[in-house]
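J.: My structure is below; once you've seen it, I'll send some questions.
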Amino acid sequence: EKDTDLRQVVSVKAEKLWPSEEKWKILSDKHPEMVYIPAGPSLLGPLNQEFSFGLARPGQPVATEVEVDAFYIDRFEFPNVKEDKDGNPIPPITGQNHDQATELCEKLGKRLCSSYEWEKSCKGPGNKIYSYGDSYDPDLCKDSDDYLLGANETCSSGYGVFGLSGGPREWTSTPSPGSSSRRLIKGGEMVNVERGFRCSFQTDDLMGYADDQTSFRCCLDAE
């Protein structure tokens with residue numbers, strides 16, 4: 001009940017700040033390969049329900065209301081292209097350390113997303129636990145390491161961003177609270193997918209770390 005009330009309050013606040021439908025379309029058309037996320041509050045961190053279900057570790061701070069500036073985010077993990085010219089699905093790029101991921105985004109005039117931006121994009125306007133809702137559903141998002149961009153069209157957040165609760169782990173630009181040489185990584189934990197595909201779930205790694213289950217996506221400031 002506490003989660004329901006809090007989410008309702010935050011959602012109403014956020015919607016009041018949304019641009020008109022016409023303005024939203026104009027902003028979206030500036031970067032059609034990306035999703036425009038409007039400025040406003042979002043609940044960041046695990047909800048009470050996540051602790052009740054044993055999905056969040058005891059001692060973690062409960063979700064708090066955080067203001068997030070407007071931004072654009074790639075619809076899919078890098079390279080953010082769903083299919084090749086023959087219509088074959090494209091796997092996300094993995095095996096890049098933090099600096100390499102940063103450089104690949106910068107070459108496109110973009111940047112790595114912050115953990116706040118990633119989590120807001122995943123939770124959607126309703127601040128859901130998973131990108132698609134509050135209950136884990138293995139049929140909605142792909143649960144294997146054979147990731148393909150957009151392979152599962154049901155794995156979309158309320159904002160229309162794909163793979164956040166079903167793709168690989170993703171680097172963010174946000175430093176770990178415990179170490180300036182580490183960066184937060186969001187989503188994609190395969191050891192326990194019910195726990196690790198939550199929008200609030202995060203780990204961290206040394207910036208030089210890379211593996212075949214870690215990818216990234218790019219963001220862009222909204223003008």
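J.: If I ask for residues that are among the hydroxyl-bearing types (S, T, Y) and either at pLDDT below 95 or in contact with a Ser or Thr (Cβ under 7 Å, 6 or more places away or on another chain) (or both), which ones from region 21-39 would you list?
T.: Step one: list which residues in region 21-39 are among the hydroxyl-bearing types (S, T, Y), which gives 28, 36.
Matches in region 21-39: Y36 only.
J.: Only residues that are open to solvent by less than 30 Å² (accessible area, probe 1.4 Å) and part of a helix (DSSP H, G or I): list them for region 105-127, please.
T.: The answer is C105, S115, E117, W118, E119, K120, S121, C122, K123.
J.: Right, something else. For region 128-148, give me each residue that is open to solvent by 60 Å² or more (accessible area, probe 1.4 Å) and modelled with pLDDT of 95 or more.
T.: Matches in region 128-148: K128 only.
Let's see how each residue does on (1) farther than 15 Å from D74 by Cβ; (2) without any contact (Cβ under 8 Å) to a residue 40 or more places away in the chain; (3) among the aromatic types (F, W, Y):
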residue: Y130; (1), (2), (3): yes, no, yes
residue: S135; (1), (2), (3): yes, yes, no
residue: P168; (1), (2), (3): no, no, no
residue: P175; (1), (2), (3): yes, yes, no
residue: E194; (1), (2), (3): yes, no, no
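J.: For region 14-34, give me each residue that is surrounded by 14 or more Cβ atoms within 10 Å (Cβ to Cβ) and in contact with an Asp or Glu (Cβ under 8 Å, 6 or more places away or on another chain).
T.: Matches in region 14-34: M34 only.
The values are calculated or read from the model by the stated rules, or taken from the named source; none is laboratory data. All values derive from a computational prediction rather than experimental measurement. Cβ coordinates were reconstructed from backbone atoms using ideal geometry, including for glycine residues, and neighbour counts include every protein chain displayed. Accessible surface is based on the protein model in full, side chains and every heavy atom, while ligands, DNA and RNA are left aside. Shrake-Rupley method; radii C 1.70, N 1.55, O 1.52, S 1.80 Å.
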